Amino acid sequence: MDILFSSIAKFSSLPASSVIGVTAAIGFVNYYFLYVVKVPKIHCKEGSFKNFIRQNVPVATTKYWPTMWCFEARFQSVLASLIRSFVVPKAPYNREIFQLTDGGEVALDWLEPTKHFNDMNDITILFLPGLTGDSKCEYVRATSLTVQKSGFRVVVFNYRGIGGIELKTPRTYSANNIDDLTEVIIHIKKKYPNTILGGIGVSMGGLLLGSFLQSNEQHTHKHFSAVMLLSVPWDLLATTRNIEKPFLNRCLCSYLAKCLCNLIKNSSNMLNSSSHKWNYNEVIKSKTIREFDANYTIKLFEHESVEEYYKKASLHDKLDLIQVPCLCLSAADDPFCLESDLPLKSADNIENLAILVTARGGHIGFLEGFWPFSNHNEFMFRLIDQYFSSIFKNQIYKQFTK
């Protein structure tokens, strides 16, 4: 007891600034351990698929430790992109230029597996990047290399006008038009007739993949056998409200809108014409994603309104249409899709789809460890490896297919 009183007396004799600093540090550490470090929540109907995840995907049942000094959602999202751009090595893709039936072209970037397993068939993972992403983006490279090391072939689908490929027709892409994706999938199946196809969709790529999974093409031909959806903006109407809030969210929105406008400017030879349904000069002045979609996307793909387009592209009310085993990853603090916007109640009533929700992680962030400046296997990439390595083993995915 004397030691305790002596320690208190010494602490009390410290300068006020030191007392405040120590108290703040203790409070911060307590907050981190109590509210930041948590075991992810698995939202899925109790049954064989949920048990499969618990037993075969260790990261889903252990605490996720976000980087202590940058766990704020927007900081984590931006910093993750910055750090990966430096530490993730270049992916040695083999590029294929694929011509679409309307004369358009897209780039497919391939990586062959670095190892093979006796208890798995030939597996190909098709990767769909986010809104303006391509195969060179840091999270795409990191995911591609993870999939390759896991023993699977990976192919990145670079959308029209993306990945250094010039537009050949006055047409780009949207979050729910699956025409180009369907052609790419059929091409993959022809190129590797015996391959089993898996899919990864990140952000907008997750919406596009989800739209395909609901389609008659998928339900009839069962192209995909297992998929993952990462940082998906499940409800686009809610997402646009979230990212248009001041100040930091609005900055992210403006940046993405600027990237979209730059894509249009880079293809002005194809997209700047009085014969098109859109006004080129209005499109390139768009300040938000909603404005861009109103000025360009809905006119290109003939939607009646932005609201109608967003409702069709959203997945939050269509989860029951996905018939293959699907593991999703979302952060409760994703600035694009808050926890209140996640379709958790729907997922709790579906047997073959699970949404893994971390307390922190931002949008495609999920940094972890005190020092993330190294090319180690991060939370998101370990999840990808563990899920696909388990679900494709001995064709287990067939047990969870409707």
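Some notes on this structure:
- Some residue of the stretch 317-327 being within 21 Å of F75 (Cβ to Cβ), in contact with a Ser or Thr (Cβ under 7 Å, 6 or more places away or on another chain) and either modelled with pLDDT under 95 or surrounded by fewer than 18 Cβ atoms within 10 Å (Cβ to Cβ) (or both): no
- Contact annotation: residue pairs with Cβ atoms under 6 Å, 6 or more positions apart or on different chains, pairing a residue in the stretch 387-398 that is surrounded by fewer than 17 Cβ atoms within 10 Å (Cβ to Cβ) with a partner that is not hydrophobic (A, V, I, L, M, F, W, C), are K393/D119; N394/D119.
- Summed over the stretch 280-297, residues that are open to solvent by 70 Å² or more (accessible area, probe 1.4 Å) and more than 21 Å from N242 (Cβ to Cβ) total 3.
- Selected residue (only one of V227, V232, V154 is free of Cβ contacts under 8 Å to residues at least 60 places away in the same chain, surrounded by 24 or more Cβ atoms within 10 Å (Cβ to Cβ) and not in a helix (DSSP H, G or I)): V154
- In the stretch 177-213, the residues that are touching a Gly at 6+ places or on another chain (Cβ under 7 Å) and among the hydroxyl-bearing types (S, T, Y): S203
- If you go through the stretch 334-373 and keep only what is part of a loop (DSSP other than H, G, I, E, B), of a type in the set (G, A, S) and touching a helix residue (DSSP H, G or I) at 6+ places or on another chain (Cβ under 6 Å), you end up with G362, G365.
- Cβ-Cβ distances below 6 Å connect the following pairs, each with a first residue in the stretch 52-70 that is polar (S, T, N, Q), a second residue that is in a helix (DSSP H, G or I) and open to solvent by 70 Å² or more (accessible area, probe 1.4 Å), and a separation of six or more residues or different chains: T61/R54.
- Check on K311, touching a residue at least 40 places away in the same chain (Cβ under 8 Å), out of contact with any strand residue (DSSP E or B) (no Cβ under 6 Å at 6 or more places or on another chain) and either open to solvent by 60 Å² or more (accessible area, probe 1.4 Å) or in a helix (DSSP H, G or I) (or both): yes
- Flag for E351 being at pLDDT 95 or above, of a type outside the set (S, T, N, Q), open to solvent by 30 Å² or more (accessible area, probe 1.4 Å) and farther than 30 Å from S215 by Cβ: no
- Wholly enclosed helices (runs of 4 or more DSSP H) of the stretch 1-90 bearing at least 2 residues open to solvent by 40 Å² or more (accessible area, probe 1.4 Å) and at pLDDT 90 or above: 48-56, 73-87
- Subset of the stretch 94-124 (residues that are among the basic types (K, R) and surrounded by 10 or more Cβ atoms within 10 Å (Cβ to Cβ)): R95
- Filtered residue count, the stretch 237-259, keeping only those that are touching a residue at least 40 places away in the same chain (Cβ under 8 Å) and in contact with an Asp or Glu (Cβ under 9 Å, 6 or more places away or on another chain): 5
- For W110, the test of being in contact with a strand residue (DSSP E or B) (Cβ under 6 Å, 6 or more places away or on another chain) and farther than 23 Å from R160 by Cα is failed.
- Taken over the stretch 124-167, residues that are of a type in the set (K, R) and farther than 15 Å from V106 by Cα amount to 3.
- The residue of the stretch 184-211 that is nearest to R95 (Cα to Cα), among those that are open to solvent by less than 20 Å² (accessible area, probe 1.4 Å) and touching a His at 6+ places or on another chain (Cβ under 8 Å), is I185.
- Every residue from the stretch 175-198 that is within 18 Å of K318 (Cα to Cα) and either among the charged types (D, E, K, R) or within 16 Å of the chain's Cα centre (by Cα) (or both): A175, N176
- Residue identified as crowded, with 22+ Cβ neighbours inside 10 Å and within 23 Å of the chain's Cα centre (by Cα) among S340, S330: S330
The values are calculated or read from the model by the stated rules, or taken from the named source; none is laboratory data. Quantities reported herein were computed from a predicted structural model and do not represent experimental measurements. Don't worry about glycine lacking a Cβ; one is built from the backbone with ideal geometry, like all the others, and counts go over all protein chains shown. All accessible areas refer to the heavy atoms of the entire protein, side chains included, with ligands and DNA or RNA removed. Shrake-Rupley method; radii C 1.70, N 1.55, O 1.52, S 1.80 Å.
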